[in-house]
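Below is one structure, written out as structure tokens; the observations come after it.
The values are calculated or read from the model by the stated rules, or taken from the named source; none is laboratory data. Note that the structure is a prediction, hence the values are computed from the model and not measured. Every residue, glycine as well, gets a Cβ built from its backbone with ideal geometry; the counts of neighbours run over all protein chains shown. Ligands, DNA and RNA are excluded from the accessible area calculation, which covers all protein heavy atoms including side chains. Shrake-Rupley method; radii C 1.70, N 1.55, O 1.52, S 1.80 Å.
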Amino acid sequence: MERDLFAEAKALDLVAFLENYLGNGKKEGKSYRFTACPQCGQSSAKSEKLSVTAGNSGTQHYRCYRCGAAGTIIDAAMAIWGVHEPLEAAKILLGENAPRAVVIKRSDSKPAEPANDPQAMTAAITRIRQVTANQNINDPRWRKAVAYLVEERCIPKAVVQEAMKRLILGFIPDDVSNAAQFLERSVGREILEASGLWKPGKKIPGISFRPIVSFFPKLTSAEFRIARSPVEGEKKAMRYGVGSYPWFWRGSNPAATMLVEGAIDIMSAVALGYEGNILGLPGANSWQPEMLEAYQMKNPQTQVYHICTDNDVNQKDNPGRMWAIKLKGIIEKNLRKRADITLPESGDLNDALRRRNKT
């Protein structure tokens, strides 16, 4: 029997979902009230403008008494994450991998929006990196984001600060409204809308909910990440732009290079004492042989590669290990270099760091 993804997504708790982004709701009888709205943002602490109720079918709906926005958890997810299609939002809510969402035509659908301008995306990401360069790690505006990396992810503060210094890592304010103002003031609404980072007509861009920013080389792409552990079915990070290059950390031993998944694992490798160069792939399958060949040409001193992708022991066929084996074959055949697979006991490299810190 074919799954009804919309029904499954709508059965999720809308109140719990909103509380992860808009703060705690206030229970009033059979409904909940919020002071913020996915569409028009935050109001004063006394203005409980958004109401969540359950209809006769049991599906929860929200309505904002300020801007008139209304809908189900799917509509809320589309507004918060900047997703344009309901099916894509439903799949993300359910934890599905949906790189190409199916377009669902609706009678009330608006004309298709113009494609995002890649030059505007690069300009926006460049400007965000410029305004996040030389940030003070102790600035209270991103206190929660730093605390998440240091306290929950167990990455030493010195390593976080070094990533900031190397312009790999930056922060936007933890507070959603302040983040939107920061982005509009620093980058400009016009560039943000042209790039697709700010959906036209919305008062708050989806990236305002993701204050941890990791910048790819060439500034054609960036990753925006939540500053807490994701709830079930929630996407912890979103990448924008064209990710043609991996993250890169230059170490003190150029003879060795480690391959990991993501910027968090780069910092985790440094915290665990790895002294070689580190390449952070945006996913184990997000690479091309040409990428590694170009890297080897620019770093001819590299003699050995340590492949440390995720060890997905709880997933069928363990995709992290499968891609590690493929990477090993490419490195040994195309680069003619030694490649050692050194996966964590389970999970990713950051899981290994946290396990070490607990012992």
Run the helix sum for the chain: -39,500 (n - 2.57) per DSSP H stretch of 4+ residues, divided by residue count, reported at 222 nm to the nearest 500 deg cm²/dmol. -9500 deg cm²/dmol
Kindly point out, ordered by number, any Cys in the chain whose beta-carbon has no other cysteine beta-carbon under 4.7 Å away. Cys154, Cys308
Please give me the summed charge of the neighbours of Gln301: other residues whose Cβ is under 12 Å from its Cβ, Lys and Arg +1, Asp and Glu -1. +3
Working out 0.36 nm times the residue gap between Lys165 and Lys144, then minus their Cα-Cα distance, what length gain in nm do you get to one decimal? 5.6 nm
Taking 23 Å as the cut-off for C-alpha to C-alpha distance, list the pairs among Lys199/Lys235; Lys30/Lys203; Lys49/Lys235; Lys165/Lys235; Lys202/Lys235 that go past it. Lys30/Lys203; Lys49/Lys235; Lys165/Lys235
For Arg239, Arg336, what's the largest-to-smallest order of accessible area, 1.4 Å probe? Arg336, Arg239
Can you give the % of DSSP beta bridges in the range 212-359 that are antiparallel, to the nearest 5? 50
Hey, what D do you get for the range 164-276 in µm²/s if you plug the Kirkwood alpha-carbon radius into Stokes-Einstein at 25 °C and 0.890 mPa s? 158
Identify all lysines with a Cα-Cα distance to Lys298 below 19 Å; exclude those on the same chain that are fewer than 8 residues away in sequence. Lys218, Lys333, Lys337
In nm, to one decimal, how far is the modelled label at Asn136 from the one at Thr359, with both set 7 Å along Cα→Cβ? 3.9
What's the FRET efficiency of Lys236 with Ser177 using the Cβ-Cβ distance as r and R₀ = 25 Å, to the nearest 0.05? 0.70
Going by alpha carbons, how many degrees (0 to 90, nearest 10) lie between the helix axis of 349-358 and the longest principal axis of the chain? 90
What order do Lys203, Lys30, Lys236 take when sorted by accessible area (1.4 Å probe), most exposed first? Lys30, Lys203, Lys236
Semi-axes (Å, rounded, descending) of the ellipsoid equivalent to the range 256-330 per its C-alpha gyration tensor are 20, 16, 10
Using a basic spin-label model with each label point 7 Å from the Cα along Cα→Cβ, how many nm lie between Glu293 and Thr342? 2.7
Treating cross-link reach as a plain straight distance, find the aspartates and glutamates whose alpha-carbon is under 12 Å from the alpha-carbon of Lys10, omitting any fewer than eight places away in the same chain. Asp75
Counting DSSP beta bridges with both ends in the chain, the antiparallel % (nearest 5): 70
In whole percent, what relative contact order does the range 206-341 give with Cα contacts below 8 Å and a gap of six or more residues? 18
If contacts are Cα pairs under 8 angstrom and at least 6 residues apart, what is the relative contact order of the range 154-262 in percent? 20
Apply 1/(1 + (r/R0)^6) to the Cβ-Cβ distance of Glu152 and Val313, taking R0 = 30 Å, and write down the FRET efficiency to the nearest 0.05. 0.85
Per q in 0.18, 0.21 Å⁻¹, report the Debye log10 I(q)/I(0) for the range 213-303, using one uniform scatterer on each alpha carbon and no solvent. -0.84, -1.08
As a test question: what accessible area, to the nearest 10 Å², does Met322 have when a 1.4 Å probe is rolled over all protein chains in place? 80
Report the full-extension gain for the segment Arg250 to Asp117: residue separation times 0.36 nm, less the Cα-Cα distance, to one decimal in nm. 44.7 nm
